[in-house]
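The values are calculated or read from the model by the stated rules, or taken from the named source; none is laboratory data. Keep in mind that what you see is a predicted model, and the values were worked out from it rather than measured. In this analysis, Cβ positions are derived from the backbone assuming ideal geometry, glycine residues included, and neighbour counts consider all displayed protein chains. Accessible surface is based on the protein model in full, side chains and every heavy atom, while ligands, DNA and RNA are left aside. Shrake-Rupley method; radii C 1.70, N 1.55, O 1.52, S 1.80 Å.
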Amino acid sequence: MQTPTIYSLPRPGLRWLPVWRRNFLVWRKLAIPSVLGNLADPLIYMLGLGYGLGGLLPQISGVSYVSFLAAGTVVASTMNAATFEALYSAFSRMHVQKTWDAILNTPLSLDHVLTAELVWAASKSLLSGLAILLVIAALGLTTSPLALWVIPVIFLTGLAFAAMGLIVCALAPSYDFFMYYFTLFITPMLLVSGVFFPADQLPAAVHALAAWLPLSHAVQLARPLLLGEVPANASGHVAALLVIAIIAFYIATVLTRRRLLK
(Lines give C-alpha, C1' and ligand atoms only; values in the text may rest on other atoms or scores of the structure.)
Protein backbone atom coordinates (compact mmCIF):
# COMPACT_ATOMS: atom_id res chain seq x y z
CA MET A 1 0.00 0.00 0.00
CA GLN A 2 1.43 3.39 -0.99
CA THR A 3 2.32 5.70 1.89
CA PRO A 4 0.35 8.96 1.67
CA THR A 5 2.41 12.10 1.08
CA ILE A 6 1.79 15.46 2.70
CA TYR A 7 -0.07 16.46 -0.48
CA SER A 8 -2.54 13.57 -0.35
CA LEU A 9 -6.21 14.43 -0.04
CA PRO A 10 -7.60 14.22 3.53
CA ARG A 11 -9.16 10.85 4.28
CA PRO A 12 -10.81 11.18 7.70
CA GLY A 13 -13.74 8.76 7.39
CA LEU A 14 -15.77 8.96 10.61
CA ARG A 15 -12.92 8.39 13.04
CA TRP A 16 -12.75 12.12 13.78
CA LEU A 17 -15.94 11.87 15.84
CA PRO A 18 -14.22 10.89 19.14
CA VAL A 19 -11.92 13.92 18.83
CA TRP A 20 -14.91 16.18 18.19
CA ARG A 21 -16.62 14.66 21.24
CA ARG A 22 -13.51 15.25 23.34
CA ASN A 23 -13.53 18.96 22.42
CA PHE A 24 -17.25 19.18 23.14
CA LEU A 25 -16.90 17.61 26.59
CA VAL A 26 -14.13 20.04 27.51
CA TRP A 27 -16.16 23.01 26.26
CA ARG A 28 -19.29 21.84 28.08
CA LYS A 29 -17.67 22.60 31.44
CA LEU A 30 -17.54 26.29 30.49
CA ALA A 31 -20.48 26.39 28.10
CA ILE A 32 -22.43 29.25 29.70
CA PRO A 33 -19.50 31.71 29.98
CA SER A 34 -18.47 30.76 26.45
CA VAL A 35 -21.90 31.45 24.96
CA LEU A 36 -22.26 34.70 26.90
CA GLY A 37 -18.83 35.80 25.71
CA ASN A 38 -19.76 35.12 22.09
CA LEU A 39 -22.99 37.08 22.55
CA ALA A 40 -21.41 40.21 23.99
CA ASP A 41 -19.81 41.81 20.93
CA PRO A 42 -22.62 41.17 18.42
CA LEU A 43 -25.24 42.36 20.90
CA ILE A 44 -23.32 45.57 21.51
CA TYR A 45 -23.12 46.15 17.77
CA MET A 46 -26.75 45.33 17.16
CA LEU A 47 -28.23 47.22 20.11
CA GLY A 48 -25.78 50.12 20.16
CA LEU A 49 -25.55 50.73 16.44
CA GLY A 50 -28.92 49.29 15.45
CA TYR A 51 -31.06 51.22 17.91
CA GLY A 52 -28.66 54.07 18.66
CA LEU A 53 -27.24 55.05 15.29
CA GLY A 54 -30.21 53.49 13.55
CA GLY A 55 -32.51 56.07 15.12
CA LEU A 56 -30.68 58.77 13.18
CA LEU A 57 -30.74 56.97 9.84
CA PRO A 58 -33.47 56.52 7.25
CA GLN A 59 -34.50 53.08 6.11
CA ILE A 60 -31.89 51.05 4.23
CA SER A 61 -33.07 48.89 1.34
CA GLY A 62 -36.63 49.39 2.54
CA VAL A 63 -36.08 48.20 6.13
CA SER A 64 -35.00 49.79 9.41
CA TYR A 65 -31.27 49.94 10.07
CA VAL A 66 -31.50 47.52 13.00
CA SER A 67 -33.21 44.95 10.76
CA PHE A 68 -30.55 45.51 8.11
CA LEU A 69 -27.78 45.10 10.70
CA ALA A 70 -29.28 41.94 12.24
CA ALA A 71 -28.23 39.60 9.42
CA GLY A 72 -24.73 41.05 9.31
CA THR A 73 -24.45 40.56 13.05
CA VAL A 74 -25.38 36.87 12.77
CA VAL A 75 -22.73 36.02 10.18
CA ALA A 76 -20.09 38.29 11.75
CA SER A 77 -20.60 36.49 15.07
CA THR A 78 -20.30 33.17 13.26
CA MET A 79 -17.08 34.29 11.58
CA ASN A 80 -15.53 35.43 14.86
CA ALA A 81 -16.49 32.30 16.79
CA ALA A 82 -15.13 29.92 14.13
CA THR A 83 -11.97 31.98 13.69
CA PHE A 84 -11.14 32.21 17.39
CA GLU A 85 -11.71 28.47 17.85
CA ALA A 86 -9.58 27.51 14.84
CA LEU A 87 -6.81 29.88 15.89
CA TYR A 88 -6.39 30.20 19.64
CA SER A 89 -8.05 27.01 20.87
CA ALA A 90 -6.66 24.77 18.12
CA PHE A 91 -3.17 26.27 18.52
CA SER A 92 -3.32 25.62 22.25
CA ARG A 93 -4.22 21.99 21.67
CA MET A 94 -1.56 21.62 18.98
CA HIS A 95 1.39 23.57 20.36
CA VAL A 96 0.91 24.38 24.05
CA GLN A 97 -1.11 21.59 25.63
CA LYS A 98 0.24 18.94 23.22
CA THR A 99 -3.24 17.41 23.00
CA TRP A 100 -2.73 16.58 19.34
CA ASP A 101 0.50 14.75 20.12
CA ALA A 102 -1.33 12.58 22.64
CA ILE A 103 -4.10 11.80 20.14
CA LEU A 104 -1.57 10.95 17.43
CA ASN A 105 -0.15 8.26 19.72
CA THR A 106 -3.45 6.42 19.31
CA PRO A 107 -4.68 4.71 16.10
CA LEU A 108 -6.09 8.08 14.97
CA SER A 109 -4.27 10.12 12.32
CA LEU A 110 -3.65 13.81 11.82
CA ASP A 111 -6.46 13.86 9.24
CA HIS A 112 -8.88 12.77 11.97
CA VAL A 113 -7.65 15.48 14.31
CA LEU A 114 -7.87 18.25 11.71
CA THR A 115 -11.33 17.21 10.55
CA ALA A 116 -12.53 17.18 14.14
CA GLU A 117 -11.08 20.66 14.69
CA LEU A 118 -12.79 21.91 11.54
CA VAL A 119 -16.21 20.51 12.41
CA TRP A 120 -15.89 21.48 16.07
CA ALA A 121 -15.06 25.11 15.22
CA ALA A 122 -18.04 25.19 12.84
CA SER A 123 -20.25 23.59 15.51
CA LYS A 124 -19.21 26.16 18.09
CA SER A 125 -19.83 28.98 15.64
CA LEU A 126 -23.27 27.47 14.98
CA LEU A 127 -24.10 27.79 18.68
CA SER A 128 -22.99 31.42 18.64
CA GLY A 129 -24.99 32.20 15.51
CA LEU A 130 -28.08 30.44 16.88
CA ALA A 131 -27.89 32.49 20.08
CA ILE A 132 -27.86 35.73 18.06
CA LEU A 133 -30.65 34.40 15.84
CA LEU A 134 -32.82 33.75 18.90
CA VAL A 135 -32.21 37.28 20.15
CA ILE A 136 -33.17 38.68 16.73
CA ALA A 137 -36.37 36.64 16.76
CA ALA A 138 -37.16 37.72 20.32
CA LEU A 139 -36.78 41.38 19.30
CA GLY A 140 -39.24 40.82 16.45
CA LEU A 141 -36.67 41.60 13.77
CA THR A 142 -37.56 38.49 11.80
CA THR A 143 -40.84 36.59 11.61
CA SER A 144 -40.53 34.68 8.33
CA PRO A 145 -40.17 30.87 8.30
CA LEU A 146 -37.43 31.41 5.72
CA ALA A 147 -35.24 32.59 8.61
CA LEU A 148 -34.78 28.94 9.58
CA TRP A 149 -32.66 28.50 6.44
CA VAL A 150 -30.12 30.81 8.07
CA ILE A 151 -29.13 27.89 10.31
CA PRO A 152 -27.36 25.88 7.55
CA VAL A 153 -25.90 29.18 6.27
CA ILE A 154 -24.38 29.73 9.72
CA PHE A 155 -22.82 26.26 9.76
CA LEU A 156 -21.45 26.60 6.23
CA THR A 157 -20.00 29.99 7.08
CA GLY A 158 -18.40 28.46 10.17
CA LEU A 159 -16.81 25.73 8.06
CA ALA A 160 -15.31 28.25 5.63
CA PHE A 161 -13.79 30.44 8.35
CA ALA A 162 -12.67 27.48 10.44
CA ALA A 163 -10.80 26.06 7.44
CA MET A 164 -9.08 29.40 6.79
CA GLY A 165 -8.25 29.72 10.48
CA LEU A 166 -6.58 26.31 10.47
CA ILE A 167 -4.26 27.54 7.71
CA VAL A 168 -3.09 30.38 9.95
CA CYS A 169 -2.85 28.00 12.91
CA ALA A 170 -0.51 25.75 10.90
CA LEU A 171 1.74 28.71 10.06
CA ALA A 172 1.73 30.50 13.42
CA PRO A 173 4.90 30.39 15.56
CA SER A 174 3.02 31.95 18.52
CA TYR A 175 -0.27 33.53 19.57
CA ASP A 176 1.00 36.98 18.54
CA PHE A 177 0.97 35.88 14.90
CA PHE A 178 -2.83 35.79 14.92
CA MET A 179 -3.05 39.58 15.25
CA TYR A 180 -1.75 39.94 11.68
CA TYR A 181 -4.61 37.78 10.45
CA PHE A 182 -7.22 39.83 12.29
CA THR A 183 -5.70 43.19 11.40
CA LEU A 184 -4.98 42.48 7.74
CA PHE A 185 -7.87 40.20 6.81
CA ILE A 186 -10.73 39.73 9.29
CA THR A 187 -11.28 43.38 10.30
CA PRO A 188 -11.09 44.83 6.75
CA MET A 189 -13.44 42.10 5.53
CA LEU A 190 -15.88 42.96 8.32
CA LEU A 191 -15.98 46.55 7.08
CA VAL A 192 -16.41 45.95 3.34
CA SER A 193 -18.70 42.90 3.20
CA GLY A 194 -22.03 44.62 3.78
CA VAL A 195 -22.34 43.91 7.49
CA PHE A 196 -22.77 47.53 8.63
CA PHE A 197 -23.83 49.26 5.42
CA PRO A 198 -24.71 48.25 1.84
CA ALA A 199 -21.56 47.14 0.05
CA ASP A 200 -22.63 48.93 -3.12
CA GLN A 201 -21.83 52.23 -1.35
CA LEU A 202 -18.14 51.38 -1.65
CA PRO A 203 -15.95 52.49 -4.57
CA ALA A 204 -16.53 50.22 -7.56
CA ALA A 205 -13.11 48.53 -7.37
CA VAL A 206 -13.45 47.83 -3.64
CA HIS A 207 -17.01 46.56 -4.10
CA ALA A 208 -15.90 44.18 -6.87
CA LEU A 209 -13.12 42.81 -4.67
CA ALA A 210 -15.35 42.53 -1.59
CA ALA A 211 -17.89 40.47 -3.54
CA TRP A 212 -15.38 37.59 -3.61
CA LEU A 213 -14.89 37.52 0.16
CA PRO A 214 -16.52 34.68 2.13
CA LEU A 215 -18.26 37.03 4.53
CA SER A 216 -19.93 38.79 1.59
CA HIS A 217 -21.38 35.49 0.37
CA ALA A 218 -22.69 34.75 3.87
CA VAL A 219 -24.30 38.19 4.16
CA GLN A 220 -25.92 37.84 0.73
CA LEU A 221 -27.51 34.59 1.89
CA ALA A 222 -28.51 35.50 5.44
CA ARG A 223 -29.95 39.01 4.97
CA PRO A 224 -32.73 38.14 2.46
CA LEU A 225 -33.69 35.05 4.45
CA LEU A 226 -34.14 37.04 7.66
CA LEU A 227 -36.23 39.54 5.72
CA GLY A 228 -38.45 36.77 4.33
CA GLU A 229 -37.00 36.72 0.82
CA VAL A 230 -35.23 34.09 -1.27
CA PRO A 231 -31.60 35.16 -1.86
CA ALA A 232 -30.60 36.03 -5.40
CA ASN A 233 -28.05 33.57 -6.81
CA ALA A 234 -28.29 31.46 -3.65
CA SER A 235 -26.66 28.44 -5.28
CA GLY A 236 -23.69 30.55 -6.35
CA HIS A 237 -23.11 31.88 -2.84
CA VAL A 238 -23.46 28.42 -1.31
CA ALA A 239 -21.04 26.97 -3.88
CA ALA A 240 -18.53 29.75 -3.19
CA LEU A 241 -18.54 29.06 0.55
CA LEU A 242 -18.21 25.31 -0.06
CA VAL A 243 -15.28 25.80 -2.44
CA ILE A 244 -13.54 28.12 0.02
CA ALA A 245 -14.03 25.61 2.85
CA ILE A 246 -12.76 22.64 0.80
CA ILE A 247 -9.72 24.38 -0.68
CA ALA A 248 -8.77 26.06 2.59
CA PHE A 249 -9.07 22.80 4.51
CA TYR A 250 -6.85 21.01 2.01
CA ILE A 251 -4.21 23.74 2.31
CA ALA A 252 -4.47 23.61 6.10
CA THR A 253 -4.03 19.83 6.01
CA VAL A 254 -0.91 20.06 3.84
CA LEU A 255 0.65 22.79 5.99
CA THR A 256 -0.12 21.01 9.24
CA ARG A 257 1.28 17.74 7.95
CA ARG A 258 4.46 19.55 6.92
CA ARG A 259 4.70 21.12 10.39
CA LEU A 260 3.94 18.08 12.54
CA LEU A 261 4.89 15.03 10.46
CA LYS A 262 8.45 15.93 9.54
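Considering only region 71-122, how many residues are of a type in the set (S, T, N, Q) and touching a Lys or Arg at 6+ places or on another chain (Cβ under 6 Å)?
Of all residues in region 71-122, those of a type in the set (S, T, N, Q) come to 73, 77-78, 80, 83, 89, 92, 97, 99, 105-106, 109, 115.
Within this subset, residues satisfying the condition of being touching a Lys or Arg at 6+ places or on another chain (Cβ under 6 Å) are 99.
So the answer is 1.
Tell me, which helices (runs of 4 or more DSSP H) lie completely within region 162-262 with 1 or more residues that are in contact with a Ser or Thr (Cβ under 7 Å, 6 or more places away or on another chain) and crowded, with 19+ Cβ neighbours inside 10 Å?
Numbers: elements: 178-181, 187-192, 204-210, 214-226, 234-260.
Correct list: 204-210, 214-226, 234-260.
Scan region 131-150 and report the pairs whose first residue is of a type outside the set (A, V, I, L, M, F, W, C) and whose second residue is open to solvent by 20 Å² or more (accessible area, probe 1.4 Å) and at pLDDT 85 or above, with Cβ atoms within less than 7 Å and a gap of 6+ or a chain change.
S144/G228
Pick out the one residue from I136, I154 that is surrounded by 20 or more Cβ atoms within 10 Å (Cβ to Cβ), modelled with pLDDT under 90 and in contact with a Ser or Thr (Cβ under 6 Å, 6 or more places away or on another chain). Show your work before the answer.
Numbers: I154 fails: modelled with pLDDT under 90.
Testing whether each residue is surrounded by 20 or more Cβ atoms within 10 Å (Cβ to Cβ), modelled with pLDDT under 90 and in contact with a Ser or Thr (Cβ under 6 Å, 6 or more places away or on another chain) leaves just I136.
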